[in-house]
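Here the structure is laid out as structure tokens; the discussion comes afterwards.
The values are calculated or read from the model by the stated rules, or taken from the named source; none is laboratory data. Please read these numbers as outputs of a predicted model, since none were measured by experiment. Heads up, the Cβs are rebuilt from the backbone with ideal geometry, glycines too, and the neighbour counts pull from every protein chain shown.
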Amino acid sequence: MKPNYRFFHFNKIFIANFIILLLNAGTNIFGQQKKPVLKVPMGHQQIINSIAFSTDGKLLATASADNTFIIWDTKTGFELRKIKIGQPVHQIFFSPDASFVVTVSGQNTAGLTNEKLDVKSWDTKTGKLLNQYQYSGLPTQLIIPASENILVAENSADMQKIATAAGNMNFTDPTNINNYTSTINYDSIGKAAAKHGEDLVKKMGSIDINDPKAVEELRKNMMKEIMGNVNAFNPLQKNFIQLDPRTLKPTGQLSIGFENANYIRYDNIDYFISLEKETDYSTRKTIHTINIWELDKLKKSQPTKALPVKKIPLSSQVYSIATSPAKGFFTTLSRRNASIHLWKINEPALLKEFSIKGKSLIGTEFSRDGNKLYTYSSTYPETYIEVWNTTTYQQENLIQLPLKYFTGRIISEPSGESFLLAYMWNLVRINNAGDSTGEFRGRSSSPSYYGFTPNEREVYINYYGFPDMRDYLLVSTEAGVEYEAYRTGKILTKEEKEKLVKQQMQLLPPATSQSYNGYNLIWDLTHGGAIVSKANAFSTGHKTISDDKKYHLENEKFESGNRIGNPHMKELLQRPVEGISKETAEKLKKYKDPNGIYYKLMFADYLNSPVTLLINKKTNDSISLIKIDSLDWIMTLKNNYYMTSKNGAKALSYVSGIQVYPFEQFDLKYNRPDKVLKAIGLAEPALLEAYRMAYIKRIKKAGIDTLQFKDEFELPEADINNRNQISNTTKTQNLKLDIIASDKNSNLDRYNIWVNEVPLFGKNGKSLKSLNSKKLNTTVNIILSKGTNKIETSVTNIAGVESYRIPLLVNFTPDQDIKETLHFIGIGIDKFADSKYNLQYSAKDIRDLSKKLKEKYGSNIIIDTFLNEDVTVAAIKSLKQKLLKTNENDKVVIAYSGHGLLSKEYDYYLSTYSINFEKPEEGGLSYDDLENLLDSIPARKKLMLIDACHSGEVDKEDLVALNASSDSLIKGLKPVAYKKENQLGLKNSFELMQSLFVNVGKSTGATIISAAAGTQFALERNDLKNGVFTFSILEAMKQYSTMKISQLKKIVGERVEQLTKGMQKPTSRNETIAVDWSMW
């Protein structure tokens, strides 16, 4: 079946308006590659002009005014490839087999000046330019993909003549307006008509001027000749050139020009549908028709003149054509009564007229099977999506979207299960209920300005800064009020004018000087990293070259789509505005000054991209400085190595061909702060060595053989074989996965499946040793969680080498809401068999947490508490049987408050009632036993809170014992510290590793937040009547009505440090990345 391509209609532009315009993944279908490359999700920086899906729906392409197009993986929402073209991209579509995409690009003034448009084809897998074709046309009149050819709407010869004249004329000189219109050559039209009239009179012979019938007949024939010549000159009619889609070489041309047309293939015949207008010469009325042509008969090579196979008269003018090859349907728009007309190729009459909800039509399209018609419209501030049945003509769905989605472009997904809305430069996925289920967007933004700080050891990059526009808004409002009064002939008093200006200014959002300043990211070139800083007022003249010339700052700018099309634009802007006062005109001067900052920003030839480059001229190293979201950052090298904030790392992905991989497995190789700082060249050798040791410590902790990092190293492969048959959205909770895996050299050892980073077979996976095989082919049935499910699988061979994980995203939206229950397990102990180790508030910590959570969850909570004498190893382990009865949508929170102890081997134990404090391995609850409660249970939202000393992770190799403390408010007994390293002021390698890198090792899928670092104590305070960590959680529960896990970590962490003056710093032993769920 041929793809259902969309045709974007060109709204008719009359000649008189020309001057105004001038003034104003799925499975890798190409085979897996071994060298995935880093992708920083930067997205688009200007509006999206065009959206297209591949025929199978696995790939999405977007074209933007920022001179780029992006190919996205529809299953994950990840950016696969971003290609810079160098011109605004107006249209994009895939070839039927998705092996290449075709783009139309060019300046916005192309077709109205002597600038041309480019049709280019690009390899989907590599991004390589394949072929190109240049033509004269308008960006709003785009090309039509046909079954075997591309139809390019090229300007007529007359239109090209007009455009060339327009591009060269100085319209500040009124005499040139006449010269411009003379290019239309109305005189030649009149002369031609007169000549035809003379010939007609000669042909008819003399007539009796007293015979009314004879005179009327002559008049009709004369009018026909005259109007025929006028109609023959329509510069808006396009010459349709046929191009071979693979080579982009012309293969023919249609014999007739069309102004508004589209293509459809139905019953193995290619049709061309055009909207025409003709004049009834007896009544001098315009008749509008739909003409249907067989495309083969329209080709110039045909010996006979083409005639339409069907001509449908209309009562009024219609616009825009959308087609459905599956059923032979097409639609037209009637603006007169805001309705959509449904037609069929083989039916002579109108099938149905649909009245649309909005006053302004955005577009129409059909489902792939032709059974549904989608209409998109808007009435500010709302946007409407309507779904109509093409058999019953009944409306099946109406989606009303709020202001934040007010948009000018919508497209349905091939499955028909959701829609994509382009708002500015982002895309949001909306399901049939009108809910947002995902986004295709960048995580960065372009800077306003940048420069070196005075010490040249830092770089500031400003975001969202702009010159203060409050005065401009006021002056332009005053000018508008004065002009409107002049236009309508009113004379305003000073008070009346001030009142009107005040009323209109109230419609604008309130602004202060600070709102125009934006904020700065300050990049540390010595230690790496970036922090947010307050920005000053917008200014120019920033230092971008260091004093010693060794370092340069540059930006990967792109050419603006608003580049001036007429060289006399600056002069046009200087022309006075009619009707405004001299005082107002004088105020406007600085904003219209071509040499001023406002003009240069508004009409910039080049715009900043998200990538600011720090160039080391001595080594020629180039370091990209990129902001991620609001507070995070990444510093990248050309060879894929990078340094990034923890949350910044989570936004990254890797791409091979059109296959996308999450960052976790590659982060172990490419997250190298030492290499980035070495490339910059300003860090002390001691710091570089410390960063290198932190990296080595991380690799050792993860148990990774660095031989895997070599490009030629062979990895096992694993995938979900039926991923292409799995829909992005489903209402069914059960999902069947066909798992395949193989290794060329080694037997397989184990495999696993993760849903939102929770391993379904436990953190160690399911053993495959008994198979004694290099291959796996099995089926697994899983249960989906409500909402987004990020599904991954991988296999590990007997050498411990793991395959890449390829994510699959499935959104489960049940018809009926699924109950979520919180299972809270509280373990608190402050009374011990050996009473000299008693604490004061641990049991109270658990009681207080239970009470607060009960207030938040009401009847949707199950509470189990174990206090003092009840805290035994056997009792705690027995809880696993209860947790195995949870379901996939439940939440489990385990909170422990008591002593935390390290054995002589520095293994971590939590106190029980009868623990041997000298030998905690005797009677103590090991951390592994506590964490095991959360492994392999159905619930996927899991959190562990440990309010005890040494609860953070430790590096056993580098720990040493210190003298014991006698402080009774400390939840631990034997203080420890890391061995001092020979680097003054630097953290231990393990601590540095924890601060630099995200934990991507094996886990139960739970987030584990510890009250203190592995070498720190956890404190109780009499004035707080709780442990400091638990008190901070309780305080947050009072202050915030709802809180996600990431917020809990941040807010509680900062509060604990504040209360303990830095003596205690909560850490995460493990954290999930995929889902940030609400604790309450």
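Please pick out the residue among LYS710, LYS678, LYS701 that is at pLDDT 90 or above, charged (D, E, K, R) and not assigned by TED's automatic domain parsing to the domain that holds MET42. Before the answer, list the steps.
Details: LYS710 fails: at pLDDT 90 or above; LYS701 fails: at pLDDT 90 or above.
Selected residue: LYS678, the only one of LYS710, LYS678, LYS701 that is at pLDDT 90 or above, charged (D, E, K, R) and not assigned by TED's automatic domain parsing to the domain that holds MET42.
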Subset of segment 491-546 (residues that are among the polar types (S, T, N, Q) and under 29 Å from GLY579 (Cβ atoms)): THR493, GLN503, GLN504, GLN506
Filtered residue count, segment 334-358, keeping only those that are surrounded by 15 or more Cβ atoms within 10 Å (Cβ to Cβ) and within 28 Å of PRO96 (Cα to Cα): 4
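Just checking, does segment 401-409 include any residue being β-branched (Val, Ile, Thr) and modelled with pLDDT of 90 or more?
no
Would you check if TYR423 is modelled with pLDDT under 90 and within 11 Å of the chain's Cα centre (by Cα)? Write out each step before concluding.
On the way: modelled with pLDDT under 90: yes; within 11 Å of the chain's Cα centre (by Cα): yes.
Judged against the criteria, TYR423 is a match.
With LEU130, LEU138 as the choices, which residue is in a strand (DSSP E or B) and either assigned by TED's automatic domain parsing to the domain that holds THR55 or under 27 Å from the mean Cα position of the chain (by Cα) (or both)?
Working: LEU138 fails: in a strand (DSSP E or B).
Checking each option against the conditions leaves just LEU130.
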Any hit, segment 516-525, residues being out of contact with any His (no Cβ under 9 Å at 6 or more places or on another chain), of a type in the set (Gly, Ala, Ser) and farther than 24 Å from THR636 by Cβ: no
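Would you list the strands (runs of 3 or more DSSP E) that sit entirely within segment 444-541 and hold 1 or more residues that are farther than 30 Å from HIS44 by Cβ and assigned by TED's automatic domain parsing to the domain that holds GLY596? Steps first, please.
On the way: elements: 449-452, 458-463, 519-524, 530-534.
Fully inside segment 444-541 and qualifying: nothing.
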Among residues of segment 615-644, those that are more than 25 Å from ASP73 (Cα to Cα) and surrounded by fewer than 22 Cβ atoms within 10 Å (Cβ to Cβ), counted: 9
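Go through segment 35-68 and report how many residues are of a type in the set (D, E, K, R), within 17 Å of THR126 (Cα to Cα) and part of a loop (DSSP other than H, G, I, E, B). Let's see the steps before the verdict.
At the first step, the residues of segment 35-68 found to be of a type in the set (D, E, K, R) are 35, 39, 56, 58, 66.
If we keep only those that are within 17 Å of THR126 (Cα to Cα) as well, we get 35, 39, 58.
Now narrow it down to the ones that are part of a loop (DSSP other than H, G, I, E, B): 35, 58.
Here the count works out to 2.
Output the residue which, of all residues in segment 118-129 that are touching a Leu at 6+ places or on another chain (Cβ under 8 Å) and either over 23 Å from VAL655 (Cα atoms) or not aromatic (Phe, Trp, Tyr) (or both), is surrounded by the fewest Cβ atoms within 10 Å (Cβ to Cβ). Full working, then the answer.
First, the residues of segment 118-129 that are touching a Leu at 6+ places or on another chain (Cβ under 8 Å): 119-124.
Then drop every residue that is not either over 23 Å from VAL655 (Cα atoms) or not aromatic (Phe, Trp, Tyr) (or both), which leaves 119-121, 123-124.
Numbers: VAL119: 24, LYS120: 22, SER121: 23, ASP123: 16, THR124: 24.
Ranking the qualifying residues of segment 118-129, first place goes to ASP123.
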Condition broken by SER609, with the remaining ones in (1) under 19 Å from TYR450 (Cα atoms); (2) at pLDDT below 85; (3) not β-branched (Val, Ile, Thr) satisfied: (2)
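Picking from LEU243, LEU295, which residue would you name as being in the same structural domain as PRO139 (by TED's automatic domain parsing), under 17 Å from PRO145 (Cβ atoms), surrounded by 14 or more Cβ atoms within 10 Å (Cβ to Cβ) and at pLDDT 85 or above? Write out each step before concluding.
Details: LEU295 fails: in the same structural domain as PRO139 (by TED's automatic domain parsing).
Criteria check complete, one pass: LEU243.
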Strands (runs of 3 or more DSSP E) lying entirely in segment 239-310 (those with 2 or more residues that are among the β-branched types (Val, Ile, Thr) and at negative phi): 269-280, 285-294
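Can you name the residue in segment 1011-1037 that is of a type in the set (D, E, K, R) and surrounded by fewer than 24 Cβ atoms within 10 Å (Cβ to Cβ) and is also modelled with the highest pLDDT among such residues? Show your work before the answer.
Quick first cut of segment 1011-1037, residues of a type in the set (D, E, K, R) only: 1020-1021, 1023, 1025, 1035.
Still in the running and surrounded by fewer than 24 Cβ atoms within 10 Å (Cβ to Cβ): 1021, 1023, 1025, 1035.
Working: ARG1021: 86, ASP1023: 89, LYS1025: 91, GLU1035: 95.
Out of the qualifying residues, it is GLU1035.
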Condition met for LYS885 (surrounded by fewer than 20 Cβ atoms within 10 Å (Cβ to Cβ), part of a loop (DSSP other than H, G, I, E, B) and on the phi < 0 side of the Ramachandran plot): yes
Total residues in segment 835-863, condition in a loop (DSSP other than H, G, I, E, B) and surrounded by fewer than 19 Cβ atoms within 10 Å (Cβ to Cβ): 5
Cβ-Cβ under 8 Å pairs, at least 6 apart or on other chains, segment 340-359 side within 26 Å of PHE406 (Cα to Cα), far side among the β-branched types (Val, Ile, Thr) and surrounded by fewer than 17 Cβ atoms within 10 Å (Cβ to Cβ): LYS357/THR379; GLY358/THR379; LYS359/THR379
Segment 888-912, residues that are touching a strand residue (DSSP E or B) at 6+ places or on another chain (Cβ under 9 Å) and in a loop (DSSP other than H, G, I, E, B): GLU888, ASN889, ASP890, GLY898, HIS899, SER903, LYS904, TYR906, ASP907, SER911, THR912
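Hey, can you tell me all the residues within segment 78-115 that are at pLDDT 85 or above and either in a loop (DSSP other than H, G, I, E, B) or on the phi > 0 side of the Ramachandran plot (or both)?
To start, the set of residues in segment 78-115 that are at pLDDT 85 or above comprises 78-106.
Once the filter is applied, which keeps residues that are at pLDDT 85 or above and either in a loop (DSSP other than H, G, I, E, B) or on the phi > 0 side of the Ramachandran plot (or both), segment 78-115 yields PHE78, ILE85, GLY86, GLN87, PRO88, SER95, PRO96, ASP97, ALA98, SER99, GLY106.
Does GLY31 meet the test of being modelled with pLDDT under 90, surrounded by fewer than 23 Cβ atoms within 10 Å (Cβ to Cβ), under 17 Å from the mean Cα position of the chain (by Cα) and part of a loop (DSSP other than H, G, I, E, B)? Give the derivation first.
On the way: modelled with pLDDT under 90: yes; surrounded by fewer than 23 Cβ atoms within 10 Å (Cβ to Cβ): yes; under 17 Å from the mean Cα position of the chain (by Cα): no; part of a loop (DSSP other than H, G, I, E, B): yes.
Considered against the rule, which asks whether it is modelled with pLDDT under 90, surrounded by fewer than 23 Cβ atoms within 10 Å (Cβ to Cβ), under 17 Å from the mean Cα position of the chain (by Cα) and part of a loop (DSSP other than H, G, I, E, B), GLY31 comes out as no.
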Subset of segment 864-882 (residues that are in a helix (DSSP H, G or I), touching a helix residue (DSSP H, G or I) at 6+ places or on another chain (Cβ under 8 Å) and hydrophobic (A, V, I, L, M, F, W, C)): VAL873, ILE876
